[in-house]
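See below for the structure under consideration.
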Amino acid sequence: MLPLFAILFPLWIVLNGSLATDVLITGLIATLVIAAGSRGSLSPLTEFRVTPAALWAVPRYLLYFLKELVKSNLRLAAVVLSPELPLNPGIVKVRTRLKSRMGRLLLANSITLTPGTLTVELQDDWLYVHWVRMETDDSEGATARIVAGFERYLEVIYG
Amino acid sequence: MEPSLVNAFPPTPLNLIGGLLLVAGTAFLLLGGLGLVRMPDLFNRIQAGTKATTLGTLLSLAGVACLQPDWSLKLLLIGLFILFTNPLSSQVLARSAHRLGSKQSPLTRVDRLAEDSGEAP
Amino acid sequence: MVETLVMLAAGLAGTAFLLALWRFVKGPAAADRVVAFDSLTIISITGILLVALAEGRGIYLDIALIYALLSFLGVIVIARYLEGGL
């Protein structure tokens, strides 16, 4: 509950753009109620490992993610723009080493946000990923290509 | 065309960058729309339609932040929100569609999920 | 100069909106329309931003934020409904 509160309360202040007492009190009550009501749900701070290595991995993860986002968007743009529409779609199976719920959520989200790959289902350690231009249908090769890059950072941050 | 813009933006470097970011962002939106029209099946459409547009929106947000620096914080919030929720809605939709047996393009060669859940691929 | 760029951006976003609208009308399945709806909302957010810029009104950003929120909830609810889990 505290991690959620730690996100919601600053959010409230930013949205209001004011530090007046009544605004703060209203926000405090509202965010506490919401945080208490959604105990057990996830927030980006759940299971966050507060270690120097983890904190250092956050900016590197964001940087890597943005790089991948731009790269894969350009690749998908090339596919959409080419007259013959060179597709080779397939749903492949990849494995993740991540154990934490938040780590897995962020992994699935990262895979989905980089166009060309879309997480369809998550079962135990396996993710099923739709791939617009499938490079390999072998699950180990696909894991190395789709998962490994993000996992390297998320493993340090969430485990 | 200028009169419709109440606020005129002087051509400072920051404003020019903002304008260019806006054009780049909306160009990605256009590509997303084009992908939505051209892609042959639902899964490919999700890929093109809801994610090329995510980068487009992020670039547009950055562009607006350059033109109106006062709005940066709120724009950042919108950006973060989209980054978090957009993939979730795509994933939920893709999963329901797959469970319902959404028709896939004949180009699709491999479907490990259908194999593992015991359906015909 | 900058105004021209903003106008160009508005044109591009408008065209993107029309393309997504075509998919929304054409379908063929309900899920395809949901994807198109999702894209339409995302494109509209940029549209709202452009209007906010043109009018110089920061309050419109709140509308964009709520719009993003509603689109997210809408897609989740429809997906659950299609699956029969509602």
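The values are calculated or read from the model by the stated rules, or taken from the named source; none is laboratory data. Keep in mind the model is a prediction, meaning the values are calculated, not measured. Every residue, glycine among them, receives a Cβ derived from its backbone with ideal geometry; neighbour counts consider all protein chains shown. Only protein heavy atoms, including side chains, enter the accessible area calculation; ligands, DNA and RNA are left aside. Shrake-Rupley method; radii C 1.70, N 1.55, O 1.52, S 1.80 Å.
Going Cα to Cα from B:Lys51, which aspartates and glutamates come in below 14 Å? Please leave out same-chain ones fewer than 8 positions away.
Hits, sequence-local ones excluded: A:Glu68, C:Asp38.
Quick check: with the 1.4 Å probe, what order do A:Tyr61, C:Tyr67 take by accessible area, largest first? Before the final figure, lay out each step's value.
Details: A:Tyr61 20, C:Tyr67 90 Å².
Largest accessible area first, the residues go C:Tyr67, A:Tyr61.
Just to be sure I understand: if you take the accessible area of chain C alone plus chain B alone and subtract the pair, with a 1.4 Å probe, what total do you get in Å², rounded to 100? Don't skip to the end; give the middle numbers.
Details: alone 6310 and 8900 Å², together 10560 Å².
Separately minus together, C and B give about 4600 Å² buried.
Ordered by packing density, taken as the mean number of other Cβ atoms within 10 Å over each peptide's residues, highest first, how do B:25-36, A:77-88, C:12-23 rank?
So the peptides B:25-36, A:77-88, C:12-23, ranked by packing, come out B:25-36, C:12-23, A:77-88.
Please work out whether the protein assembly as shown counts as rounded, prolate or oblate from its C-alpha gyration tensor, where a ≥ b ≥ c are the square roots of the eigenvalues and a/c under 1.5 means rounded, while otherwise a/b larger than b/c means prolate and anything else oblate?
Numbers: a/c = 1.67, a/b = 1.17, b/c = 1.43.
Oblate.
Once neighbouring chains are kept in place and the probe is 1.4 Å, which whole percent of the accessible area of region C:35-78 is contributed by carbon and sulfur?
On the way: 1240 of 1630 Å².
Roughly 76 percent of what the probe reaches on region C:35-78 is carbon or sulfur.
To the nearest 100 Å², how much accessible surface do chains A and B hide from each other in total, with a 1.4 Å probe?
Details: alone 9660 and 8900 Å², together 14960 Å².
Interface between A and B: roughly 3600 Å².
Apply the a/c threshold of 1.5 to the C-alpha gyration tensor of chain C and tell me whether it is rounded, prolate or oblate.
On the way: a/c = 5.40, a/b = 1.70, b/c = 3.17.
Here chain C falls in the oblate category.
Take every DSSP beta bridge with both residues inside the protein assembly as shown and express the antiparallel ones as a percent of the total, to the nearest 5. Numbers along the way, then the final one.
Working: 12 of 15 bridges.
Percentage antiparallel, nearest 5: 80.
For region A:85-126, list residues with backbone N below 12 Å from a point placed 7 Å from the Cα of A:Arg60 toward its Cβ?
It comes to no residues whatsoever.
Sorted by accessible area (1.4 Å probe), largest first, how do A:Leu28, A:Leu106 line up? All intermediate terms of the calculation are to be shown ahead of the outcome.
On the way: A:Leu28 75, A:Leu106 25 Å².
Listed by decreasing accessible area, they come as A:Leu28, A:Leu106.
What whole-number value in cubic angstrom gives the convex hull volume per residue for the C-alpha atoms of region A:106-156?
Details: hull volume 3.9 nm³, N = 51.
Cα convex hull per residue, to the nearest whole number: 76 Å³.
Of all beta bridges DSSP finds with both residues in region A:52-157, what is the antiparallel percent, to the nearest 5? Intermediate results must be reported in sequence, preceding the final value.
Working: 12 of 13 bridges.
Taking every DSSP beta bridge within region A:52-157, about 90 percent pair in antiparallel fashion.
Could you tell me which helices of chain A pass both thresholds, a Cα extent of 15 Å or more along their own axis and a mean Kyte-Doolittle hydropathy of at least -0.5, with helices taken as whole DSSP H runs?
Working: long enough: A:2-16 (21 Å, 2.13); A:21-37 (24 Å, 1.90); A:52-81 (44 Å, 0.92); A:101-113 (18 Å, 0.69).
Passing helices, by number: A:2-16, A:21-37, A:52-81, A:101-113.
To the nearest 10 degrees, how steep is helix C:30-55 against the longest Cα principal axis of chain C, on a 0 to 90 scale?
20 degrees
For A:Lys93, tell me the accessible area in Å² from a 1.4 Å probe, rounded to the nearest 10.
Solvent-accessible area, nearest 10 Å²: 40 Å².
Under the 0.36 nm per residue contour assumption, what length would be gained going from the current alpha-carbon distance of A:Glu135 and A:Lys99 to full extension?
On the way: separation 36, 0.36 × 36 = 12.96 nm, distance 2.67 nm.
Answer, rounded to one decimal: 10.3 nm.
Rounded to the nearest 500, what is the 222 nm mean residue ellipticity of chain A from helices alone, with -39500 (n - 2.57) per DSSP H run of 4+ residues and division by all residues? Write out the running numbers ahead of the final one.
Working: 6 runs with 89 residues, N = 159.
That comes out to -18500 deg cm²/dmol.
What does the charge dipole of chain C about its Cα centre add up to, to the nearest 20 debye, if the Cβ of each Lys and Arg holds +1 and the Cβ of each Asp and Glu holds -1?
Numbers: 5 positive and 6 negative charges, 45 e Å.
Its charge dipole is roughly 220 debye.
Mind checking A:137-144 for the average number of partner chain beta-carbons within 10 Å of each residue's beta-carbon?
Mean number of neighbouring Cβ atoms from other chains: 1.
Normalised by the residues of region A:10-159, what does the relative contact order come to in percent, with Cα pairs under 8 Å and at least six apart? Let's see the in-between values first.
Details: 173 pairs, mean separation 44.5, N = 150.
For region A:10-159, the relative contact order is 30 percent.
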